[in-house]
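The values are calculated or read from the model by the stated rules, or taken from the named source; none is laboratory data. Treat the numbers as computed from the prediction; the structure is a model and nothing was measured. Virtual Cβ from ideal backbone geometry, glycine too; neighbours counted across all protein chains shown.
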Amino acid sequence: MTDHLAIAPVLLPLLAGVLLLLLRRVDIRLRRLLSLGAVVLEIGLAIALTAAVADGDILIYALGDWPAPYGIVLVADRLSAWLLLTTALLALFALLYALRGIDASGRHFHVLFQFQLFGLAGAFLTGDLFNLFVFFEVLLIASYGLLLHSGGAPRTRAGLHYVVLNLAGSTLFLFAVGTLYGVLGSLNMADLAVKVAATPAENVSLVRAAGLLLFGVLALKAALLPLHLWLPAAYAEASAPVAALFAIMTKVGLYSILRVDTLIFGAGAGPVAGLLAPWLMPVALATLAVGALGAVASRGLRAQIAYLVVASAGTLLTAFALASADGIAAGLYYLPHTTFAAAAGFLIADAIAARRGELADRLDPGPTLPGNRVIGGVFFVAAVALVGLPPLSGFLGKFLLLRAALGHAWLAGILATVLVASLLALIALARSGSLIFYRSHGPAPAAPARALATELAPPLGLMLLVAALTVAAGPAAEYAQATASQLLEPSRYIHAVLGGG
Amino acid sequence: MEALLALVIGVLTACGVYLSLRGRTFPVVLGLTLLSYAVNLFLFAMGRLVIGHPPIVSEPAAASADPLPQALVLTAIVIGFAMTAFVIMLALKARAELGNDHVDGRP
């Protein structure tokens with residue numbers, strides 16, 4: 001079993017998805033049970049994988065037993081396992097919210113959901129650049145279907161932009177991958193890391209061009225400035241559980257940037273060492289600033305939270321751009337927190353929008369919501385988490401980030417941007433909360449009664465995860481620290497992949 | 001032959017970029033298709049242009065073509081084909097639901 005632990009999280013959602021496709025005419029309750037069971041099992045696998053790699057082991061799975069670099073390998077290290085665990089936990093609560101009926105409002109929700117998880121798990125575990133492209137396509141194809149799920153004109157418009165932009169991005173990804181292969185003759189990331197260090201002088205500019213093109217594509221996926229424009233519209237129009245699941249999507253881009261930056265263009269990369277480094281910090285701070293400004297300027301609650309997702313991508317990249325073990329560790333500790341918080345935000349925004357009649361999530365004074373205080377309370381907790389205020393783990397993450405930034409050349413810029421952006425996010429959410437919950441008047445429009453408990457349980461569950469991350473801050477931060485030091489020592493990764501596997 | 005292929009890829013890419021920046025969905029779909037043709041040829045060329053050799057490493061024949069780009073292109077073609085079909089369906093759906101074929105939904 002342990003031999004196959006590295007591929008199990010990829011195969012499980014694939015098999016579940018195929019099974020759900022075959023069983024599409026079966027009663028929906030059975031399909032829900034199957035989908036839920038697969039996600040719970042995926043969490044179990046992610047925990048097992050995290051436990052297996054926690055002491056620094058790197059699990060290698062050579063597909064078809066072809067040794068690297070000739071075969072395709074899956075590689076599970078601390079970083080992969082950490083992101084996989086985050087994804088699986090997020091998926092559980094997004095799915096629980098969807099089970100309230102959104103999954104039945106269109107076809108194949110569960111199939112697409114499982115394929116999305118398949119793509120995500122594959123992207124985190126693959127050790128091959130072309131495979132990363134393939135898994136990106138898998139998760140994008142599933143996300144197109146999920147985004148358009150149950151239709152509607154605004155959703156179609158947002159979906160068209162999202163699909164066209166990502167297709168163009170995929171083309172650029174292939175150009176970058178093709179150039180790297182043409183120059184270096186390999187696509188295995190560990191092998192690329194070795195070969196890139198020995199790039200002959202006449203090819204250095206080609207490798208640089210390919211590397212920066214790759215960074216551009218990954219920045220599009222991670223919604224970094226100026227390639228973030230697709231995100232607010234797409235996320236604000238997606239149905240709530242889908243938007244919640246999409247909270248992890250920008251993190252796939254960030255994960256890939258971190259992986260490529262530390263492994264292929266790390267300190268040992270000879271003539272192209274630190275290729276991305278000069279770009280990361282300015283882009284990160286600008287993304288953070290624009291995300292926070294967008295949140296203040298948004299006219300709808302869902303768009304506001306979508307802009308906060310952009311800001312969180314900026315915060316995470318700021319942490320990664322510090323390029324120190326402390327900085328990357330701070331980012332990795334903050335990553336699950338911000339993912340869960342954003343997902344909870346989307347779910348609560350949906351619960352609010354459903355109770356305000358035609359106003360939906362527009363930030364105008366409206367009717368008093370049924371269950372005003374309960375929803376308001378949950379919104380408050382989620383807002384605290386989204387902004388990163390104490391006592392929740394977002395504060396710890398930002399604190400770790402700022403502490404890691406001490407002594408960095410950009411210290412003043414980082415301090416100013418992170419703190420002002422947090423303040424702006426605070427102002428934005430405080431204004432939304434007071435508009436929705438305090439400046440309300442009149443009774444709510446007659447809306448079909450919705451069960452408050454089942455609706456608020458998934459976001460509350462996500463908040464419990466955030467609380468757990470706060471309580472277990474010590475072990476979690478230690479794990480993040482160990483992950484960061486593993487990332488900054490790519491020689492072990494390279495040796496594990498190439499050295500006989 | 002290298003110059004010709006490079007020229008073809010360049011022209012395809014240029015046309016693809018131009019068309020995908022147009023305001024209506026049909027040229028955009030065509031542009032994305034041209035871009036995917038260009039990238040497929042590009043990937044293929046990255047294995048170097050070899051004529052008359054099998055993509056199999058065998059002892060008597062000293063030279064062989066690089067099989068990997070061919071496999072990559074095959075994957076890229078399949079994905080590109082599926083995506084083109086999907087984006088055409090989406091464009092038709094947008095035409096039906098938004099009442100026009102402008103990319104941003106406003107004539």
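Selection over segment A:120-132 of residues that are in a helix (DSSP H, G or I) and within 12 Å of chain B (Cβ to nearest Cβ) gives a count of 3.
Among A:Leu402, A:Leu359, A:Leu406, A:Leu363, which is the only one that is out of contact with any helix residue (DSSP H, G or I) (no Cβ under 6 Å at 6 or more places or on another chain) and within 20 Å of A:Ala303 (Cβ to Cβ)?
Details: A:Leu402 fails: within 20 Å of A:Ala303 (Cβ to Cβ); A:Leu406 fails: within 20 Å of A:Ala303 (Cβ to Cβ); A:Leu363 fails: out of contact with any helix residue (DSSP H, G or I) (no Cβ under 6 Å at 6 or more places or on another chain).
Matching residue, one of A:Leu402, A:Leu359, A:Leu406, A:Leu363: A:Leu359.
Here are A:Tyr97, A:Tyr162: which of them is of a type in the set (Ser, Thr, Tyr), within 12 Å of chain B (Cβ to nearest Cβ) and outside any loop (DSSP other than H, G, I, E, B)? First the steps, then the outcome.
On the way: A:Tyr97 fails: within 12 Å of chain B (Cβ to nearest Cβ).
When all the criteria are applied, what remains is A:Tyr162.
Only a single item in (1) over 26 Å from B:Lys93 (Cα atoms); (2) surrounded by fewer than 20 Cβ atoms within 10 Å (Cβ to Cβ); (3) modelled with pLDDT of 90 or more is not met by A:Glu202, and it is number (3). Among the residues making up segment A:178-201, those that are of a type in the set (Ser, Thr, Tyr) and within 13 Å of chain B (Cβ to nearest Cβ) are A:Thr179, A:Tyr181, A:Ser186. Scanning segment A:1-31 for residues that are surrounded by fewer than 18 Cβ atoms within 10 Å (Cβ to Cβ), farther than 15 Å from A:Leu74 by Cα and among the charged types (D, E, K, R) gives A:Arg24, A:Arg25, A:Asp27, A:Arg29. The number of residues in segment B:86-103 that are more than 7 Å from chain A (Cβ to nearest Cβ) and among the acidic types (Asp, Glu) comes to 1. Which members of segment A:142-159 meet the condition of being surrounded by fewer than 24 Cβ atoms within 10 Å (Cβ to Cβ) and facing chain B (nearest Cβ under 7 Å)? Correct list: A:Tyr144, A:Ala153, A:Thr156, A:Arg157. Any residue at all in segment A:41-58 that's over 18 Å from A:Tyr493 (Cα atoms), part of a loop (DSSP other than H, G, I, E, B) and modelled with pLDDT under 95? Among the residues of segment A:41-58, not one is over 18 Å from A:Tyr493 (Cα atoms), part of a loop (DSSP other than H, G, I, E, B) and modelled with pLDDT under 95, which makes the answer no. Taking segment A:409-430 as the range and being in contact with a helix residue (DSSP H, G or I) (Cβ under 8 Å, 6 or more places away or on another chain) and outside any helix (DSSP H, G or I) as the test, only A:Trp410 passes. Only residues that are at the interface with chain A (Cβ under 10 Å from one of its Cβ atoms) and under 15 Å from A:Tyr181 (Cβ atoms) were counted across segment B:42-85, and they come to 15.
Inspect segment A:437-456 for any residue being at pLDDT below 90, closer than 20 Å to A:Leu288 by Cβ and of a type in the set (Phe, Trp, Tyr) and give the result as yes or no. There is no residue in segment A:437-456 that is at pLDDT below 90, closer than 20 Å to A:Leu288 by Cβ and of a type in the set (Phe, Trp, Tyr). There is no residue in segment A:235-255 that is out of contact with any Lys or Arg (no Cβ under 9 Å at 6 or more places or on another chain), of a type in the set (S, T, N, Q) and either in a loop (DSSP other than H, G, I, E, B) or buried (at least 24 other Cβ atoms within 10 Å of the Cβ) (or both). From the list A:Phe175, A:Phe135, the lone residue that is within 12 Å of chain B (Cβ to nearest Cβ), in contact with a strand residue (DSSP E or B) (Cβ under 7 Å, 6 or more places away or on another chain), in a helix (DSSP H, G or I) and not charged (D, E, K, R) is A:Phe135. A:Leu167 satisfies every condition listed in (1) closer than 26 Å to A:Ala94 by Cβ; (2) within 10 Å of chain B (Cβ to nearest Cβ); (3) in contact (Cβ under 8 Å) with a residue 24 or more places away in the chain except (3).
Annotation: A:Leu227 fulfils all but one of (1) in a helix (DSSP H, G or I); (2) free of Cβ contacts under 8 Å to residues at least 24 places away in the same chain; the unmet one is (1).
Consider segment A:1-38. How many of its residues are in a loop (DSSP other than H, G, I, E, B) and touching a strand residue (DSSP E or B) at 6+ places or on another chain (Cβ under 8 Å)?
Qualifying residue count for the region: 3.
The condition (being within 23 Å of the chain's Cα centre (by Cα) and not hydroxyl-bearing (Ser, Thr, Tyr)) is satisfied by just one residue among A:Leu392, A:Leu411, A:Leu359: A:Leu392. Within segment A:75-91, residues that are over 24 Å from A:Leu488 (Cβ atoms) reach partners that are small (Gly, Ala, Ser) and part of a helix (DSSP H, G or I) with beta carbons closer than 6 Å, at six or more positions or on different chains, in the pairs A:Ala88/A:Ala46; A:Leu90/A:Ala343.
Please find, among A:Ser170, A:Ser150, A:Ser186, the residue that is in contact with a Ser or Thr (Cβ under 9 Å, 6 or more places away or on another chain) and not in a helix (DSSP H, G or I). If you could, list the steps in order and put the result at the bottom.
Working: A:Ser170 fails: not in a helix (DSSP H, G or I); A:Ser186 fails: in contact with a Ser or Thr (Cβ under 9 Å, 6 or more places away or on another chain).
Result: A:Ser150 is the single residue among A:Ser170, A:Ser150, A:Ser186 that is in contact with a Ser or Thr (Cβ under 9 Å, 6 or more places away or on another chain) and not in a helix (DSSP H, G or I).
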